[in-house]
1. Could you list, in sequence order, the residues of the stretch 62-92 that are open to solvent by 100 Å² or more (accessible area, probe 1.4 Å) and under 19 Å from PHE38 (Cα atoms)?
2. Could you grab me the full set of residues in the stretch 28-61 that are surrounded by fewer than 13 Cβ atoms within 10 Å (Cβ to Cβ) and β-branched (Val, Ile, Thr)?
3. May I ask you to list pairs of residues, at least six apart or on different chains, whose Cβ atoms are under 9 Å apart, with the first in the stretch 8-25 being assigned to a helix (DSSP H, G or I) and the second being open to solvent by 90 Å² or more (accessible area, probe 1.4 Å)?
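The values are calculated or read from the model by the stated rules, or taken from the named source; none is laboratory data. Since the structure is predicted, the reported quantities are computational estimates derived from the model, not experimental observations. Note: ideal-geometry Cβ built from the backbone for every residue, glycine included; neighbour counts use all protein chains shown. These area figures cover heavy atoms from the full protein model, side chains too; ligands, DNA and RNA do not enter into them. Shrake-Rupley method; radii C 1.70, N 1.55, O 1.52, S 1.80 Å.
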Amino acid sequence: MSPGQKPAFLAIYAGFYALLNVMRPARFALSMAISPYFERIRKSLGNKFGVSPKTATALVVVFVNLLGTSSLMILGVGLASLLSGVPVWAGR
């Protein structure tokens, strides 16, 4: 860390820490609210592919994490690129 950056770093770190702790109950409530949808998807996959509940759960978790996280990351990078005016793929 360069000299003089520690106070700014600690201020930003404290802000993120406080924000994430304030958001924790909302994240928990959201997870409880969407759990019935995940259960329906899990049962549907289990019935459609004839797999065990454990396998269907693993499929849902992998599918949502891979596609969901990738989609959100692509959307975030695209939005940041659009707002900043910096292209994602710079030409040579």
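1. Of everything in the stretch 62-92, those that are open to solvent by 100 Å² or more (accessible area, probe 1.4 Å) and under 19 Å from PHE38 (Cα atoms) turn out to be PHE63, LEU66, LEU72.
2. Hits for the stretch 28-61 are ILE34, VAL61.
3. PHE9/MET1; LEU20/ARG27
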